[in-house]
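Novice: Got a structure here, written out as structure tokens. Questions coming.
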Amino acid sequence: MSAQMKRTWAEVSMERLAHNYHALRGLTPYGTKFLGLVKADAYGHGAVPVAKELEKLGADYLGVACLDEAIEVREAGVKTPILILGCTPVAYAADLVKYNISQACYDLEFAKALSDVAQKAGGEITVHIQCDTGMTRLGFLCHEETIEKSAKEIYEAVNLPGLKAEGIFTHFSDSDGSEEYTMLQFGRFLGIIDQVKALGYEFPIRHCANSAATLLYPATYLDMVRPGIVLFGHLPDASMDPGLCDLVPVLELKSRVATVREVPAGTPVSYGRTNTLTRDTRLAVIPVGYGDGYSRGFSNKITVLINGQKAPVTGRICMDMCMVDVTDIPGVKEGDVAVLYGEDQPVEAGAGIINTISYELLCVLTKRIPRIYL
Ligand SMILES: *Cc1c(COP(=O)(O)O)cnc(C)c1O
């Protein structure tokens, strides 16, 4: 079956990815490095094709969540430096040497373990020191009370044999919300960098700007920016000003009308009979459901676009199918394309319905959905 004949598919536009990459690069001064996030299968877009494209475009670094993701990208032939932002079990740390992958280093104990592994492997592990300035997830705690202790520990870590301390970074927890808190975090980050410098170590790559900070706070760029969601054409928060950067959505989720049926008024539709038709209705069956990552929470609330017109989802979304009302759209027939996410049908609308963010809806698209690269 050719890709376009599939029941439901995602079209991923490399041209649009390149457009966003260049738009973001346009924000940062010449010389600022660029780490492109490809974690969670590149936010559902496909880690390997996106990583290859970012490499081609000239990204300096790629970011992943874990070792498996890093190895997948390396084994596909990508040579660009890769940074694991999450935890790697020490038992697998030798793979960091083997595959030449950089690792976030979030405490002294882990640094010592990595140092041992690197020495035993007869190699070197490149680390980026992770500072917890207020996200409260991972990293040397850099609050005012702990900064001095952390500076000493970081200085000890960067001098361990077998470790190459290439970078230092922190992560903002509210850069799409509070400027005040973001600047508190940024101040703490500059503080720890200064304290470690005073002890005698300077990091070549200091980085902290995620998507929101890349759009809003040029002062935080330092040596490298680290945008994720904006690469894929979505704002970190749907209420942010779309004028901040010229971004275009990279992924469109599409399906095809599987069949159309006429159903009389008074008939209940789908599981739980949550929707009883109030008029004679033409229902199109669309072969997409929560088994594809199309949220059951959209039931009775979302529309899909068929022939450019909105068709409301009627009744509960099933695992593999849902029904949409096409009574008001003349001529809908088997095979017509239904746009689930795309132009005039933004992911953000779905996210709003179930009170989540575009990130989640993109990440949950399952492997049943083939990604077609344009
Ligand atoms: C996911 C992640 C990012 C990117 O976040 P976006 O909001 O998608 O830009 C940056 N840094 C770290 C540490 C992350 O985990």
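Each reported figure results from applying straightforward, stated rules to the coordinates on display, with no laboratory input. In this text the structure is predicted, and so the values were computed from the model without any measurement. Neighbour counts run over all protein chains shown; Cβ positions are idealised from the backbone, glycine included.
Novice: From the list THR146, THR88, which residue is in contact with a helix residue (DSSP H, G or I) (Cβ under 9 Å, 6 or more places away or on another chain) and on the phi < 0 side of the Ramachandran plot?
Specialist: Going through THR146, THR88 in turn, just one is in contact with a helix residue (DSSP H, G or I) (Cβ under 9 Å, 6 or more places away or on another chain) and on the phi < 0 side of the Ramachandran plot: THR88.
Novice: Here is a further query. Starting from the range 111-140, take each residue that is touching a residue at least 24 places away in the same chain (Cβ under 8 Å) and list its partners that are among the basic types (Lys, Arg) and not in a loop (DSSP other than H, G, I, E, B), counting only C-beta distances under 8 angstrom and pairs at least six apart or across chains.
Specialist: Sorted first by the residue in the range 111-140, then by its partner, the pairs are ALA121/LYS98; GLU124/LYS164; ILE125/LYS164; THR126/LYS164; VAL127/LYS164; CYS131/ARG188; THR133/ARG188; GLY134/ARG188.
Novice: Go through the range 6-97 and tell me which helices (runs of 4 or more DSSP H), entirely inside it, have 2 or more residues that are more than 13 Å from the ligand (Cβ to nearest atom) and buried (at least 17 other Cβ atoms within 10 Å of the Cβ).
Specialist: 14-25, 47-57, 67-75
Novice: Here is a further query. Among residues belonging to the range 98-129 that are aliphatic (A, V, I, L, M) and more than 15 Å from ALA157 (Cβ to Cβ), point out the one that is nearest to the ligand (Cβ to nearest atom).
Specialist: In this case the residue turns out to be ILE101.
Novice: Take the conditions in contact (Cβ under 8 Å) with a residue 24 or more places away in the chain and either within 22 Å of GLU69 (Cα to Cα) or in contact with a strand residue (DSSP E or B) (Cβ under 8 Å, 6 or more places away or on another chain) (or both) and apply them to ALA157. Does it pass?
Specialist: So ALA157 passes the test.
Novice: Related question: Mind counting the residues in the range 196-212 that are in a helix (DSSP H, G or I) and surrounded by fewer than 18 Cβ atoms within 10 Å (Cβ to Cβ)?
Specialist: Total satisfying the criteria: 3.
Novice: Scan the range 354-374 for residues that are within 20 Å of GLY291 (Cβ to Cβ) and loosely packed, with under 14 Cβ neighbours inside 10 Å and jot them down.
Specialist: THR366, LYS367
Novice: Continuing with the same structure: Can you tell me which residues in the range 103-144 are in a strand (DSSP E or B), within 13 Å of CYS87 (Cβ to Cβ) and not hydrophobic (A, V, I, L, M, F, W, C)?
Specialist: GLN103, GLN130, listed by residue number.
Novice: Assess whether ASP132 counts as being charged (D, E, K, R) and either away from the ligand (no atom under 16 Å from the Cβ) or in contact with an Asp or Glu (Cβ under 6 Å, 6 or more places away or on another chain) (or both).
Specialist: No.
Novice: So which residues in the range 193-251 are away from the ligand (no atom under 13 Å from the Cβ), of a type in the set (Ser, Thr, Tyr) and touching a residue at least 24 places away in the same chain (Cβ under 8 Å)?
Specialist: If the condition is that a residue be away from the ligand (no atom under 13 Å from the Cβ), of a type in the set (Ser, Thr, Tyr) and touching a residue at least 24 places away in the same chain (Cβ under 8 Å), then TYR201, TYR221 are the ones that fit.
Novice: Moving to a separate point now. Of these, LEU184, LEU215, LEU190, which one is touching a Cys at 6+ places or on another chain (Cβ under 6 Å) and either over 27 Å from ASN100 (Cα atoms) or assigned to a helix (DSSP H, G or I) (or both)?
Specialist: LEU215
Novice: Now, a different point. Restricting to the range 308-363, and then to whatever is in a loop (DSSP other than H, G, I, E, B) and small (Gly, Ala, Ser), can you tell me which residue is farthest from the ligand (Cβ to nearest atom)?
Specialist: Among those that are in a loop (DSSP other than H, G, I, E, B) and small (Gly, Ala, Ser), it is GLY331.
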